[in-house]
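In what follows, a single structure is set out as structure tokens and then discussed.
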Amino acid sequence: MATVLAAAFKKLIHRPIVYPSAPAGRVLYAVGDIHGRADLLRSTLDRIDRDYAARSHIGEKTEVFLGDYVDRGPASAAVIETLIERASRTAAVFVRGNHEQVMLSYLARRAPLEGWATLGGLSTLQSYGIAVRDREPADMWDAAWRAIPADHKKFLSETRSHCRIGEYLFVHAGMRPGIEIENQVEDDLYWIRGEFLGCDDDFGSIVVHGHTPVPCPDMLHNRINIDTGAFITNRLTAIRIDPSGVCVVD
């Protein structure tokens, strides 16, 4: 009897997770951290378009981008331009990542360049055609303010701390356990790791997030991490959420 129970328990442990359906009449796509890789973004959007073309009968499409559009990779300006263009012709939600938060703080003169530079901010400035060597901090800020187009600044300022659609909560880094999303400290939504990643509790929604790179999408019963380190690995992950649940878009 003990052997039979052990086998049944083992089977239960390894049973695939069944995720909730998207809201009726909706198909959702979520895209992980891009980090200046405009080439991967364009190929991922092509994959989404092909995937949705085969499923458009299911419902209306919404795309959710999980933040960290800028820094580290070589083409942050092109990433933002591509996302702005995408939003002009499809329903899209842009979540703010910690990198956008730091960039906005720098542009608002609330944070020094040094802090942004440690996160890869110089590559973002270079993507706007700004020479970054041997410049005074004040001169660098002036150059950045002039070089970054107004619609890019607007895009950054309008990114959202989180987005809830049906039974899914989309956020960049995660959330502090035991606190409703409406009462979360925004910095946690952009930066949190340990307490969130180590929590096995039900968050009230399936949390779809990025921020912490993983070798492949981390699909757990309470959260889904789709940051696959695109700027290093050349893998930008997108998932689809539809009446069947969740699937990685190949």
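The values are calculated or read from the model by the stated rules, or taken from the named source; none is laboratory data. Since the model is a prediction, treat every value here as computed from it, not as a measurement. All Cβ positions, even for glycine, are placed from backbone atoms using ideal geometry, and neighbour counts span all protein chains on display. Surface accessibility is based on the protein's heavy atoms, side chains included, excluding ligands, DNA and RNA. Shrake-Rupley method; radii C 1.70, N 1.55, O 1.52, S 1.80 Å.
The table below gives the values:
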quantity: Cα centre as origin, Lys/Arg/Asp/Glu Cβ charges: the stretch 62-200 dipole, Debye; calculated: 340 debye
quantity: Sparse-neighbourhood loop sites, GluC sites (Glu not before Pro) in the stretch 126-200 - DSSP loop, at most 12 other Cβ within 10 angstrom; calculated: Glu158, Glu180
quantity: Accessible area of Cys216 in the full protein assembly, 1.4 Å probe (Å², nearest 10); calculated: 80 Å²
quantity: Solvent-accessible surface (1.4 angstrom probe) belonging to Phe155, in square angstrom, nearest 10; calculated: 20 Å²
quantity: Kirkwood hydrodynamic radius (C-alpha pairs) into Stokes-Einstein, the stretch 51-104, 4 °C and 1.567 mPa s, D in µm²/s; calculated: 103 µm²/s
quantity: Heavy-atom accessible area order for Val171, Val132, largest first, 1.4 Å probe; calculated: Val132, Val171
quantity: 3J(HN,Hα) from dihedral phi, the stretch 28-37, Karplus parametrisation 6.51/-1.76/1.60, rounded to Hz, x for glycine, proline; calculated: 10, 10, 10, 10, x, 4, 9, 6, x, 9
quantity: Cα long-axis angle, helix 38-53 against the chain (0 to 90 degrees, to the nearest 10); calculated: 40 degrees
quantity: Relative contact order (percent, whole number), the chain, Cα cutoff 8 Å, 6+ residue spacing; calculated: 26 percent
quantity: Sulfur and carbon atoms: percent of accessible area, the chain [1.4 Å]; calculated: 54 percent
quantity: Percent RCO, i.e. relative contact order, over the stretch 21-100, from Cα pairs under 8 Å lying at least 6 residues apart; calculated: 39 percent
quantity: In the stretch 63-159, the trypsin sites (Lys or Arg not before Pro) that fall in loop regions by DSSP, at most 10 other Cβ within 10 Å; calculated: Arg89, Arg109, Arg110, Arg133
quantity: Size of electric dipole in the stretch 66-140: Cβ of Lys, Arg +1 and of Asp, Glu -1, about Cα centre, debye, nearest 20; calculated: 200 debye
quantity: Principal axis box of the chain, alpha-carbon based, largest edge first, Å; calculated: 75, 40, 33
quantity: Debye intensity ratio in log₁₀ form over the Cα atoms of the stretch 130-250, taken at each q of 0.11, 0.21 Å⁻¹; calculated: -0.51, -1.17
quantity: Amide H partners (placed H, <5 Å) of Arg160, local residues excluded; calculated: Phe94, Val95, Arg96
quantity: Accessible area of the stretch 13-149 divided out per residue, in Å², using a probe of 1.4 angstrom; calculated: 45 Å²
quantity: Amide proton proximity set for Phe170, modelled H, under 5 Å, gap of 5+; calculated: Cys163, Arg164, Ile165, Val208
quantity: Sequence-distant residues sharing a close amide H with Thr237 (under 5 Å, placed H); calculated: Gly32, Thr228
quantity: Label-point separation in nm, Arg50 to Val214, each point 7 Å along Cα→Cβ; calculated: 2.5 nm
quantity: Folded to 0 to 90 degrees: helix 2-13 orientation relative to the chain principal axis, Cα; calculated: 30 degrees
quantity: Computed over the stretch 102-250: relative contact order in percent, which uses C-alpha pairs under 8 Å that are six or more apart; calculated: 12 percent
